[in-house]
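Presented below is the structure to which this report refers.
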Amino acid sequence: TKRCVTSFFNSVRYVANMVPGSIHRISIFDDHSTQETVDYLKLLCDSYKQNNIETEFISLDSKGIMNSIRKCYEHLEKKDGDLVYQVQDDYLFIESAIYQMTDIFMQVYQATNEHPFVISYSHPFYWAEKYKYTATMRAIIPGKKQYWFSSYEIPCTFLTSKFEFSKHWDLYEKFLNGDPHDPALETDSIHRILTERRVPCLVPFESVAL
């Protein structure tokens, strides 16, 4: 957890320094971590503050992954901002990850006036199993450091605009109230943002966080 969360903070600092006019707000939601981990997370929050990075640490009352995701989503809904990003603590980021993700978002938005979802991880399951030897139509877009392609699947961790995020609460509720062990849960809920509502989603050829 420490290594992953530190990599996230480093990625935020990277994009904050690359785009000095941007403002970044990091909210850490802690689900009953050990005191050692809590102390480390609070130290990170203090250490990474700068003119365009704000941080906060929030301890959750209830436990569980779905509750944590719900609290994050509700927090994003209440906050102002152009882009939102919910991420779990087991993702290991390359330093330029969030910079690349925000850049490809802006490219698509400026070219199409659409608000895409952007995810950091190209899941090998889809290529080894679901789409093996199966032709599917994909858009391919060059980014700052690599190419990105369109996806028909989305995890609960994603970056998009606050505007687009707020439009899909019915599907978030279906996801959050479902059985986390159901393999079809995401397909029957948040994947429909892409498959039925036709919101574009982009994935890097080489994962920027995994």
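As a check on your grasp of the helix formula, calculate [θ] at 222 nm for the chain: sum -39500 (n - 2.57) over DSSP H runs of n ≥ 4, divide by the residue count, round to the nearest 500.
Values: 8 runs with 80 residues, N = 210.
Calculated mean residue ellipticity at 222 nm is -11000 deg cm²/dmol.
Roughly speaking, what is the stretch gain from Glu54 to Glu74, that is 0.36 nm per residue apart minus the C-alpha to C-alpha distance, in nm to one decimal? Let's see the in-between values first.
On the way: separation 20, 0.36 × 20 = 7.20 nm, distance 1.86 nm.
Between Glu54 and Glu74, full extension yields an extra 5.3 nm.
Would you mind checking which residues have amide H under 5 Å from Leu92's amide H? H placed 1.01 Å from N; only 5 or more apart, or other chain.
For Leu92, whose amide H was placed from the backbone, the distant partners under 5 Å are Leu210.
Taking all protein chains as present, what is the carbon and sulfur share of the accessible area of the chain, in % to the nearest whole number, probe 1.4 Å?
On the way: 5890 of 11450 Å².
Heavy-atom surface of the chain belonging to carbon and sulfur, 1.4 Å probe: 51 percent.
Say R0 is 35 Å: what FRET efficiency, to the nearest 0.05, do Glu173 and Asp30 get from their beta-carbon distance? Don't skip to the end; give the middle numbers.
Details: r = 24 Å, r/R0 = 0.68.
FRET efficiency, Glu173 to Asp30: 0.90.
Based on the Cβ-Cβ distance of Asn17 and Tyr133, what FRET efficiency does E = 1/(1 + (r/R0)^6) give at R0 = 35 Å, to the nearest 0.05? Numbers along the way, then the final one.
Working: r = 44 Å, r/R0 = 1.25.
Efficiency, from the Cβ-Cβ distance: 0.20.
What label, among [x] 1.01; [y] 1.18; [z] 1.32, belongs to Cα Rg over 2.2 N^0.38 Å computed from the structure on display?
The listed entry that was calculated here is [x].
So which trypsin sites (Lys or Arg not before Pro) in region 24-60 are both in a DSSP loop and have at most 14 other Cβ atoms within 10 Å of their Cβ? Show your work: numbers first, answer last.
Details: sites: Arg25, Lys42, Lys49; in loops: Lys49.
Within region 24-60, the qualifying trypsin sites (Lys or Arg not before Pro) (loop, at most 14 other Cβ atoms within 10 Å) are Lys49.
Give me the number: length gained by fully extending Asp61 to Asn113, i.e. 0.36 nm times residue separation minus the C-alpha to C-alpha distance, one decimal in nm. Numbers along the way, then the final one.
Working: separation 52, 0.36 × 52 = 18.72 nm, distance 3.97 nm.
Extra length from Asp61 to Asn113 when fully extended: 14.7 nm.
Could you list, in their original order, any pairs among Lys2/Lys71; Lys71/Lys174; Lys2/Lys49; Lys63/Lys174; Lys42/Lys71; Lys42/Lys63 whose Cα atoms are separated by more than 27 Å?
On the way: Lys2/Lys71 21 Å; Lys71/Lys174 15 Å; Lys2/Lys49 18 Å; Lys63/Lys174 19 Å; Lys42/Lys71 19 Å; Lys42/Lys63 20 Å.
Pairs exceeding 27 Å: none.
Within region 72-175, list the chymotrypsin sites (Phe, Trp or Tyr not before Pro) lying in a DSSP loop whose Cβ has at most 10 other Cβ atoms in a 10 Å radius.
On the way: sites: Tyr73, Tyr85, Tyr91, Phe93, Tyr99, Phe105, Tyr109, Phe117, Tyr121, Phe125, Tyr126, Trp127, Tyr131, Tyr133, Tyr147, Trp148, Phe149, Tyr152, Phe158, Phe163, Phe165, Trp169, Tyr172, Phe175; in loops: Tyr91, Tyr121, Tyr131, Tyr133, Tyr152.
Taking region 72-175 and a limit of 10 other Cβ atoms within 10 Å, the loop chymotrypsin sites (Phe, Trp or Tyr not before Pro) found are Tyr133.
The values are calculated or read from the model by the stated rules, or taken from the named source; none is laboratory data. Keep in mind it's a predicted model, so treat the numbers as computed, not measured. Neighbour counts are summed over all protein chains in view; Cβ atoms, including those assigned to glycine, are modelled from backbone coordinates with ideal geometry. All accessible areas refer to the heavy atoms of the entire protein, side chains included, with ligands and DNA or RNA removed. Shrake-Rupley method; radii C 1.70, N 1.55, O 1.52, S 1.80 Å.
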